[in-house]
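The values are calculated or read from the model by the stated rules, or taken from the named source; none is laboratory data. All values derive from a computational prediction rather than experimental measurement. Cβ: placed from backbone, ideal geometry, glycine included. Neighbour counts: every protein chain shown.
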Amino acid sequence: MSNDPHIPHTQLAEDAPVSCSTCAACCCQLEVMLITDTGVPERFIDNDDWGGQVMRRLDDGWCAALDRDTMRCTIYELRPLICREFEMGAPECLDERRGLDTIYR
């Protein structure tokens, strides 16, 4: 077993269809501002430099609510509005997937 704290990277094909099993959770490294109350547990909330509430990220850069084994959200039903609006397979999602070479360090 490796001591490397980073999530292993498997390069997805450029035209790979986006599904729950091929998602790669690219958006889970983006800053997520909490602009509405969806019930996100306090342990997943942090304050940014300007005092706004954001989803807490761990030292590896990934969202604290992301299960590293399944790459799925552990608070899916309570996820922030911005996460609800970030649609899997939408142009924004596909742009983030194109950055996979740099997102996995």
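For region 29-46, a residue qualifies if it is surrounded by 11 or more Cβ atoms within 10 Å (Cβ to Cβ), farther than 22 Å from Arg98 by Cβ and not β-branched (Val, Ile, Thr), and the qualifying residues are Met33, Leu34, Pro41, Phe44, Asp46. In a residue-by-residue description of region 20-33, the property of being modelled with pLDDT of 90 or more and not β-branched (Val, Ile, Thr) applies to at least one position. Filtering region 54-64 down to residues that are touching a helix residue (DSSP H, G or I) at 6+ places or on another chain (Cβ under 9 Å) and without any contact (Cβ under 8 Å) to a residue 24 or more places away in the chain, which residue is nearest to Met88 (Cα to Cα)? Within region 54-64, the match that is nearest to Met88 (Cα to Cα) is Ala64. Pairing each residue of region 65-87 that is closer than 16 Å to Glu31 by Cα and assigned to a strand (DSSP E or B) with any residue that is at pLDDT 90 or above and of a type in the set (D, E, K, R), provided the two are 6+ apart or on different chains, yields C-beta distances under 9 Å for Cys73/Asp67; Cys73/Arg79.
Taken together, the residues in region 39-53 that are part of a loop (DSSP other than H, G, I, E, B) and either without any contact (Cβ under 8 Å) to a residue 24 or more places away in the chain or under 21 Å from Glu92 (Cα atoms) (or both) amount to 5.
For Thr36, the conditions (1) on the phi < 0 side of the Ramachandran plot; (2) at pLDDT 80 or above; (3) under 12 Å from the mean Cα position of the chain (by Cα); (4) in a loop (DSSP other than H, G, I, E, B) are fulfilled apart from (3).
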